[in-house]
1. Hey, can you tell me all the residues within region B:28-60 that are in a strand (DSSP E or B) and more than 7 Å from chain A (Cβ to nearest Cβ)?
2. Look at region B:65-81 and say how many of its residues are more than 11 Å from B:Y38 (Cα to Cα), touching a residue at least 24 places away in the same chain (Cβ under 8 Å) and over 10 Å from the mean Cα position of the chain (by Cα).
3. Tally time: how many residues in region B:68-81 are within 19 Å of B:V29 (Cβ to Cβ) and either out of contact with any strand residue (DSSP E or B) (no Cβ under 7 Å at 6 or more places or on another chain) or assigned to a loop (DSSP other than H, G, I, E, B) (or both)?
4. What about A:T185, is it touching a residue at least 60 places away in the same chain (Cβ under 8 Å), β-branched (V, I, T) and either buried (at least 20 other Cβ atoms within 10 Å of the Cβ) or assigned to a helix (DSSP H, G or I) (or both)?
5. Mind checking which residues of region A:27-45 are part of a helix (DSSP H, G or I) and either of a type in the set (S, T, N, Q) or more than 21 Å from A:L59 (Cβ to Cβ) (or both)?
6. In region B:82-99, how many are within 21 Å of A:T325 (Cβ to Cβ), modelled with pLDDT of 95 or more and in a strand (DSSP E or B)?
7. Do we find a residue being in contact with a Pro (Cβ under 7 Å, 6 or more places away or on another chain) and over 17 Å from A:L42 (Cα atoms) anywhere in region A:98-112?
8. With (1) modelled with pLDDT of 95 or more; (2) within 14 Å of another protein chain (Cβ to nearest Cβ) as the list, and A:A148 as the residue in question, which single condition is left unmet?
Amino acid sequence: MSQVVTTESGEQLNVVLTKHDDPQQQIIAREPVRMSDVGLHLDEIWLKGLSAGVLGTDLSRISRHVTAGKTRPDGKLGGFFAELREGRESFRSHYPSESLIEVAQRAAQPLVSAGILEQNEVFRYFLQTLPIDEADTADATNLLGAGARVKTKHEALILEQASLSEYLAASRELCDPASAIEKSTPFEHELFFTREAWDQGREAARRGGENESAGMFIGRIMQDSETRKVFTRVDCCIEVEHATEEQYAVTPTGDSYARTNELLGIRRRRLNRPHERIVGSAHGHNFGVSADADGNRRCESCDLAAYCNRTNAAASTADIDWHKTVFRGAPWATFLIWGYNAREEDDWKLYGLKGASLVRRSLRILD
Amino acid sequence: MSSNSTALQEGPVADPLAFTATDVTTSRVVDFSGVDGYRTASELATSIAATLELPENTPYALRDNNRGRMLRDDVSVGSQLPAEGSELTLVPKSHLGQH
């Protein structure tokens, strides 16, 4: 387990559970928040700090801090602050308690097994700081043996200088089909695809035929030479080879990742772009939309609706978990799903990091 | 260094171990030394994931990049790797997909 999160005041940050219908709100579980739980929060702050010109690219020079939010009259915390500091500079953001719902779900699991909570029973959770519990603070390295030593290195993040205004002028926004009904969240971090990368992404996602298949986006992290704002350029999509491809899942193997990195290395040398990196993924939900209880895929309004919202182009829990595992430390990373709607038309959704969650976003296509 | 681990062993066990481990995007690299060679590859993978602060609800495996093969989860790492110089990749045992 990764280290527990301790606040600036030296206390341990915990998620606490109570039963939903308990007026006394007796605590039924306490789960320490760990560094792996705030990974997306810290990654996002780093990207914001980079764009603001406050934080640098060398993570070894940046320290991480968590501060409890205001304590409310009922003793619960109003969220927490995550902060990165580099020298005298710092950048911090406030996050609500809801951003740690996965910690609450982790705490609830043993309660379900023990019969204290029913499966799918609603519960309440909130944040609290408590004195550090030594039982929670087992260092990951302790598990490697008493004499183990660990030294973490970070691949240097190289930002390619460019003009964001020129990129914006040379591109147009592309929104997913669902945005006709519900606007995707506006993003500060601009994301540019070359037409080739976009088409290759779809190709990699559809290559599996009736099975799911995937590709990895390769690109560069750019920085506007005037404003220092950071943005991403996606140059190509590499097919994920050696993966297990099934109707409802694609599982990259160790050889898949090795092959992707091998091809990335070749690109870096041939194109003289040592700063190219993996910046996201694309995969296909190539199965049809499920039929309803009556065996119908299309709804009654199908002939009249401008947009078909019966679609399988949506991120699953597995998709999100995979992305968080692969792209920890890469807040610019995106993932794209190509699916179908009930009309058997192409449908897609693109996701990016915002508010420590992966949410739908648009992109810009370079002409 | 010895361990009470019940890991399977395949031949002599190198102990302790020194190696380098990275995530699948190779953007973060960790140097380990003095690691108990009697730990299973599965235990080591879990520890590396914790060090890299990766999600804990995902199981992980290790790939020996020098030999281009996955380590056996239930076998001691010291019987699968040399004492020094190995380069490992931490591979999530997870998939993309609808389910």
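The values are calculated or read from the model by the stated rules, or taken from the named source; none is laboratory data. These figures come from a predicted structure and were not determined experimentally. Here the Cβ is made from the backbone with ideal geometry for all residues, glycine too, and neighbour counts use every protein chain on show.
1. Initial filter on region B:28-60 (in a strand (DSSP E or B)): B:28-35, B:40, B:60.
Result: B:T40, B:Y60.
2. 1
3. 3
4. So A:T185 does not fit the description; no.
5. A:S36
6. 6
7. No: region A:98-112 contains no residue that is in contact with a Pro (Cβ under 7 Å, 6 or more places away or on another chain) and over 17 Å from A:L42 (Cα atoms).
8. Single failed check for A:A148: (1).
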